[in-house]
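A.B. asks: Right, I'll just put the structure down here and ask away after.
The values are calculated or read from the model by the stated rules, or taken from the named source; none is laboratory data. What you are looking at is a predicted structure, and each value in this text was computed from that prediction instead of being measured. Quick reminder, even Gly has a Cβ in these numbers, built from the backbone with ideal geometry, and neighbours come from all protein chains shown.
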Ligand code: FSX
Ligand code: SF4
Ligand code: F3S
């Protein structure tokens with residue numbers, strides 16, 4: 001049961017109103033959206049509101065290695081006027097090289113002080129890949145290699161979060177021939193960590209993960225790659241707004257052709273949506289409204305959240321269609337025992353058969369393939 005008292009906790013909400021310049025109504029709406037994003041039961045929004053308003057913010061040590069700082073940029077330069085304030089309200093950012101006013105020895109001293117003060121309790125967030133070749137000499141900060149720094153900071157962390165595809169498995173810096181031996185955090189530490197892949201990742205997925213940690217004192221459930229299931233449990237293809245074109249066999253064949261201009265499916269231009277797990281089409285980027293995600297702007301998904309696809313497979317190579325599971329907005333096709341199939345579900349079934357025929361041999365080739373067991377129970 002969730003404590004409902006946050007609704008009446010005017011003192012806490014007053015503080016939020018003052019600090020964020022955000023009305024309590026908007027704040028509670030935000031908490032409800034967070035709870036819905038994470039698939040939490042009714043009432044969880046009150047627990048989230050209470051935790052954000054009253055709990056001590058977890059100390060966060062944020063490391064930067066081989067990357068472009070796009071993760072930080074996407075987090076703090078979001079169009080939404082309050083997301084960066086919310087992030088800084090939810091966490092206590094005690095060390096962050098790009099945001100720190102301090103530099104040199106002063107910054108190093110701040111990191112040591114935060115690690116000592118919050119020993120065993122701080123959250124370590126890692127942005128960027130870790131070069132492992134030649135003793136890790138290709139990335140050094142304050143005289144230490146990324147390898148040394150990561151191991152030192154991870155030793156006393158309560159949890160480690162790898163933000164972005166680079167930190168998750170190597171991302172762009174690990175593209176073949178990977179001259180510096182770039183690796184992800186889990187590989188270097190030899191233990192699983194929570195990953196928020198994407199290049200850059202969606203800030204809401206990071207924020208929701210941290211809010212979960214703050215509210216429930218544990219990280220959310222993850223898949224076999226360490227990705228929170230609430231964000232990476234479904235294929236991009238399942239919720240894409242162009243899915244009806246795919247199902248009907250209407251494809252853009254070249255950039256700028258008639259199909260492309262009409263907003264047809266980008267599968268034949270190499271869209272990796274059918275083999276990439278992410279919630280991009282559902283939560284979008286930048287808070288600017290519909291269409292603000294790669295496919296929405298007319299570019300195929302490159303599979304940036306998927307190890308072995310983004311920065312590994314050719315951008316215009318065809319995707320391996322993992323499953324023909326229909327979008328979540330479609331009516332169910334499997335009814336509970338004894339109820340039988342109704343008209344709508346039968347119609348959908350027929351629709352799927354039509355889709356397979358329309359999309360051609362590629363789907364037929366993949367129909368018999370088993371989906372990833374980690375994702376199959378979603
Ligand atoms: Fe850049 Fe982050 Fe890409 Fe990597 O995002 S947006 S190169 S995932 O580590 O800064
Ligand atoms: Fe959307 Fe790409 Fe799937 Fe086409 S192939 S429906 S563009 S995700
Ligand atoms: Fe990346 Fe594809 Fe989403 S390229 S941002 S996973 S649509």
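A.B. asks: Any residue in region 206-222 that is in contact (Cβ under 8 Å) with a residue 24 or more places away in the chain, surrounded by fewer than 23 Cβ atoms within 10 Å (Cβ to Cβ) and farther than 18 Å from residue 124 by Cα?
C.D. replies: No.
A.B. asks: To continue, here is another question. Quick check: anything in region 208-216 out of contact with any helix residue (DSSP H, G or I) (no Cβ under 6 Å at 6 or more places or on another chain) and within 16 Å of ligand 2 (Cβ to nearest atom)? So that I can check it myself, show each step before the final result.
C.D. replies: Our first condition is that a residue be out of contact with any helix residue (DSSP H, G or I) (no Cβ under 6 Å at 6 or more places or on another chain); within region 208-216, this holds for 209, 212-213, 216.
Then drop every residue that is not within 16 Å of ligand 2 (Cβ to nearest atom), which leaves none.
No, region 208-216 contains no residue that is out of contact with any helix residue (DSSP H, G or I) (no Cβ under 6 Å at 6 or more places or on another chain) and within 16 Å of ligand 2 (Cβ to nearest atom).
A.B. asks: Please count how many residues of region 259-277 are within 10 Å of ligand 2 (Cβ to nearest atom) and either assigned by TED's automatic domain parsing to the domain that holds residue 202 or closer than 15 Å to residue 325 by Cβ (or both). Explain how you work it out, then say what you get.
C.D. replies: Looking only at region 259-277, we keep the residues that are within 10 Å of ligand 2 (Cβ to nearest atom), and these are 263-276.
Subsequent filtering for residues that are either assigned by TED's automatic domain parsing to the domain that holds residue 202 or closer than 15 Å to residue 325 by Cβ (or both) retains 273-276.
Of the residues in that region, 4 qualify.
A.B. asks: Of all residues in region 147-172, count the ones that are under 19 Å from the mean Cα position of the chain (by Cα) and either without any contact (Cβ under 8 Å) to a residue 24 or more places away in the chain or surrounded by 23 or more Cβ atoms within 10 Å (Cβ to Cβ) (or both).
C.D. replies: Qualifying residue count for the region: 12.
A.B. asks: With 251, 255, 311 as the choices, which residue is under 29 Å from residue 220 (Cα atoms) and either more than 10 Å from ligand 2 (Cβ to nearest atom) or more than 19 Å from the chain's Cα centre (by Cα) (or both)?
C.D. replies: Result: 311 is the single residue among 251, 255, 311 that is under 29 Å from residue 220 (Cα atoms) and either more than 10 Å from ligand 2 (Cβ to nearest atom) or more than 19 Å from the chain's Cα centre (by Cα) (or both).
A.B. asks: Oh, and also: Given the conditions (1) exposed (fewer than 15 other Cβ atoms within 10 Å of the Cβ); (2) out of contact with any helix residue (DSSP H, G or I) (no Cβ under 9 Å at 6 or more places or on another chain), and given that residue 142 satisfies all but one, which numbered condition is not satisfied?
C.D. replies: That leaves (2) as the condition not met.
A.B. asks: Going by what's in this entry, would residue 300 be described as touching a helix residue (DSSP H, G or I) at 6+ places or on another chain (Cβ under 7 Å) and assigned to a loop (DSSP other than H, G, I, E, B)? Break it down into steps so the answer makes sense when it comes.
C.D. replies: Details: touching a helix residue (DSSP H, G or I) at 6+ places or on another chain (Cβ under 7 Å): yes; assigned to a loop (DSSP other than H, G, I, E, B): yes.
Taking the combined requirement at face value, the residue satisfies it.
A.B. asks: Another one. Of everything in region 261-281, what is surrounded by fewer than 17 Cβ atoms within 10 Å (Cβ to Cβ) and under 21 Å from residue 34 (Cα atoms)? Give them in sequence order.
C.D. replies: none
A.B. asks: Residue 219 is checked against (1) closer than 15 Å to residue 37 by Cα; (2) more than 16 Å from ligand 1 (Cβ to nearest atom); (3) in a helix (DSSP H, G or I); (4) in contact with a strand residue (DSSP E or B) (Cβ under 7 Å, 6 or more places away or on another chain) and fails just one. What number does that condition carry?
C.D. replies: Among (1) closer than 15 Å to residue 37 by Cα; (2) more than 16 Å from ligand 1 (Cβ to nearest atom); (3) in a helix (DSSP H, G or I); (4) in contact with a strand residue (DSSP E or B) (Cβ under 7 Å, 6 or more places away or on another chain), residue 219 violates only (3).
A.B. asks: Something else: Criterion first (at pLDDT 70 or above, outside the structural domain of residue 216 (by TED's automatic domain parsing) and over 22 Å from the mean Cα position of the chain (by Cα)) does residue 11 satisfy it? Please lay out each step first, then the result.
C.D. replies: Numbers: at pLDDT 70 or above: no; outside the structural domain of residue 216 (by TED's automatic domain parsing): yes; over 22 Å from the mean Cα position of the chain (by Cα): yes.
Spelling it out, it is not the case that residue 11 is at pLDDT 70 or above, outside the structural domain of residue 216 (by TED's automatic domain parsing) and over 22 Å from the mean Cα position of the chain (by Cα).
A.B. asks: Oh, and also: I'd like to check something: does region 223-237 contain any residue that is within 16 Å of ligand 3 (Cβ to nearest atom) and over 15 Å from the mean Cα position of the chain (by Cα)?
C.D. replies: Yes, region 223-237 contains a residue that is within 16 Å of ligand 3 (Cβ to nearest atom) and over 15 Å from the mean Cα position of the chain (by Cα).
A.B. asks: Here are some residues: 31, 68. Which one is outside any helix (DSSP H, G or I), at pLDDT 75 or above, surrounded by 15 or more Cβ atoms within 10 Å (Cβ to Cβ) and under 20 Å from the mean Cα position of the chain (by Cα)?
C.D. replies: Details: 31 fails: outside any helix (DSSP H, G or I).
Of the residues listed, the single one that is outside any helix (DSSP H, G or I), at pLDDT 75 or above, surrounded by 15 or more Cβ atoms within 10 Å (Cβ to Cβ) and under 20 Å from the mean Cα position of the chain (by Cα) is 68.
A.B. asks: Ok, one more. Quick check: is even one residue across region 105-113 modelled with pLDDT of 90 or more and buried (at least 19 other Cβ atoms within 10 Å of the Cβ)?
C.D. replies: yes
A.B. asks: Then there's this: Examine region 225-232 for a residue that is outside any loop (DSSP other than H, G, I, E, B), more than 16 Å from ligand 1 (Cβ to nearest atom), without any contact (Cβ under 8 Å) to a residue 24 or more places away in the chain and buried (at least 20 other Cβ atoms within 10 Å of the Cβ), and state whether such a residue exists. Let's see the steps before the verdict.
C.D. replies: Within region 225-232, the subset outside any loop (DSSP other than H, G, I, E, B) is 228-232.
Next cut, more than 16 Å from ligand 1 (Cβ to nearest atom) only: 228-230.
From what's left, without any contact (Cβ under 8 Å) to a residue 24 or more places away in the chain: none.
No.
A.B. asks: Now for a separate question. Can you say whether residue 200 is in contact with a helix residue (DSSP H, G or I) (Cβ under 7 Å, 6 or more places away or on another chain), buried (at least 24 other Cβ atoms within 10 Å of the Cβ) and assigned by TED's automatic domain parsing to the domain that holds residue 70, as far as the supplied structure shows? Step through it out loud before you land on a result.
C.D. replies: Details: in contact with a helix residue (DSSP H, G or I) (Cβ under 7 Å, 6 or more places away or on another chain): yes; buried (at least 24 other Cβ atoms within 10 Å of the Cβ): yes; assigned by TED's automatic domain parsing to the domain that holds residue 70: yes.
Answer is yes for this residue.
Matching residues to (1) more than 24 Å from residue 185 (Cβ to Cβ); (2) within 16 Å of ligand 3 (Cβ to nearest atom); (3) modelled with pLDDT of 85 or more:
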residue: 21; (1), (2), (3): yes, no, no
residue: 26; (1), (2), (3): yes, no, no
residue: 39; (1), (2), (3): yes, no, no
residue: 42; (1), (2), (3): yes, no, no
residue: 48; (1), (2), (3): yes, no, yes
residue: 55; (1), (2), (3): yes, no, no
residue: 72; (1), (2), (3): no, no, yes
